[in-house]
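The values are calculated or read from the model by the stated rules, or taken from the named source; none is laboratory data. Everything numeric here is computed off the predicted structure, so don't read it as measured data. Note that each Cβ is placed from the backbone with ideal geometry, even for glycine, and that neighbours are counted across all protein chains shown. Please note that ligands, DNA and RNA were not included when accessible areas were found on the heavy atoms of the full protein model with its side chains. Shrake-Rupley method; radii C 1.70, N 1.55, O 1.52, S 1.80 Å.
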Amino acid sequence: MTKPIIICVDDEKIILTSLKNEIHDTLKSKFYVEFAESAEEALEIIEEIQEGVDIPIIISDYQMPGMKGDELLIRTFKKLPNSRRILLTGQVTKDGIINIINNANLYSYIAKPWEKENLMLTITEAFKSYYKDKQINVQKIELEKLNNQLEDLVKERTAKLKESETKIKTLLNKTINGVIQSFVNLISNADEEFKSKTSRLEELAKIIATEYYPDQVWEIGTAAILSQLGCLNLESRILKKYLNGDTLEEEEVNVVKLHILQSAEVINN
């Protein structure tokens, strides 16, 4: 696995040499270090580093010929937003510091001349901070991936459940229809007019249900059939008059009302 790279930028070679010696003495086993004598050279180095190699820390002077340190750190922030940027300089204005903090997410500012222990501690903590955030980002990606997998699984299971519910409902409806049809056939064998009226009622009920209650067409059509089952208890003479629409005697009307109540009880059950 390729070691991460620290980039150090300063236009004074003596500063770069000091940085090299101190970093190598203390942290040489953890990093590779690249040195640049200008901001432009640092940007070239960054472009040449192969994809997948971490650049956790960029250390830069502020006052340099050409591109100054604040502009360099701002430009590296756009390309490497997760890197920790350390400003190491003795010549920086308040506006310069504010500019870097606001636009380059400055990690730390260390004044020259620096204390070796302080600089090494800052670099070590910056390194830990970089990889802690990287681990969190990896965990976030894994969590998002897991969430997406769970969502897909839930959708798949929900679709299967709906499919099963549909199959069960269809089977149940067929079973109920079969039972109801047995009743209807039983009566129809005795009276063709009853069969005809029941069919007309069912057809009319389904037409109305389709218009006003599209989710309950089967239930309403079935209720129309069931509404006639109370006719099983009617005398043949009264049934004939009722089906033909003939005028019923008061006693016959009461008998038919009883048939309606019996039908209502069947439907309710």
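Rounded to whole Hz and in sequence order, give me ³J(HN,Hα) for the stretch 17-23 from the Karplus expression 6.51 cos²θ - 1.76 cosθ + 1.60, θ = phi - 60°, writing x for Gly and Pro.
5, 4, 4, 4, 5, 5, 5
Out of residues 5 or more away from ILE55 or on other chains, whose amide H comes under 5 Å of its own, with H placed 1.01 Å from N in the peptide plane?
Amide H to amide H, under 5 Å and 5 or more residues apart or across chains, ILE55 pairs with ILE5.
In percent, how large is the relative contact order of the stretch 5-149, given Cα pairs closer than 8 Å and 6 or more residues apart?
On the way: 191 pairs, mean separation 31.5, N = 145.
Taking the mean separation of contacting Cα pairs over the length of the stretch 5-149, I get 22 percent.
With springs only between Cα atoms under 10 Å apart, run a GNM on the chain and tell me which of GLY69, GLY52, GLY245 wobbles the most.
Evaluated over the chain, the most mobile residue of the options is GLY245.
When the helices in the chain are scored as -39500 (n - 2.57) per DSSP H run of 4 or longer and the sum is shared across all residues, what 222 nm value do you end up with, to the nearest 500 deg cm²/dmol? The partial results should precede the final answer.
Values: 9 runs with 181 residues, N = 269.
Result for the chain, helices only: -23000 deg cm²/dmol.
From Cα coordinates alone, what are the radius of gyration and Dmax values for the stretch 93-161 in angstrom?
Rg and Dmax of the stretch 93-161, Cα atoms, are 21.9, 71 Å.
Any lysines with Cα under 28 Å of the LYS116 Cα? List them, leaving off those in the same chain fewer than 8 positions away.
Qualifying lysines at Cα under 28 Å: LYS3, LYS13, LYS20, LYS28, LYS30, LYS68, LYS94, LYS128, LYS132, LYS134.
Please work out the C-alpha center-to-center distance from the stretch 237-269 to the stretch 54-120 and express it in whole Å.
First find each Cα centre; the distance between them is then 96 Å.
Among PRO214, PRO65, PRO113, determine the one that fluctuates most according to a GNM of the chain built with springs between C-alpha atoms less than 10 Å apart.
Of PRO214, PRO65, PRO113, the Gaussian network model singles out PRO214 as fluctuating most.
Show me 92-104, 164-176 ranked by packing, highest mean number of other Cβ atoms within 10 Å first.
Order by mean packing, descending: 92-104, 164-176.
For the stretch 1-101, what is the accessible area per residue in Å² when the probe is 1.4 Å? Let's see the in-between values first.
Numbers: 5190 Å² over 101 residues.
Value returned for the stretch 1-101: 51 Å² of accessible area per residue.
From the backbone phi of the stretch 141-149, what are the Karplus-calculated ³J(HN,Hα) couplings (6.51 cos²θ - 1.76 cosθ + 1.60, θ = phi - 60°) in whole Hz, Gly and Pro given as x?
4, 5, 5, 4, 4, 5, 4, 5, 5
Probe radius 1.4 Å, ligands and nucleic acids ignored: give me the carbon and sulfur share of the accessible area of the stretch 1-152 as a rounded percent.
Numbers: 4340 of 8900 Å².
Taking all protein chains in place, the stretch 1-152 shows 49 percent carbon and sulfur surface.
Under 8 Å for C-alpha pairs, at least 6 residues apart: give me the relative contact order for the chain, rounded to a whole percent. The partial results should precede the final answer.
Working: 274 pairs, mean separation 30.4, N = 269.
After rounding, I find 11 percent.
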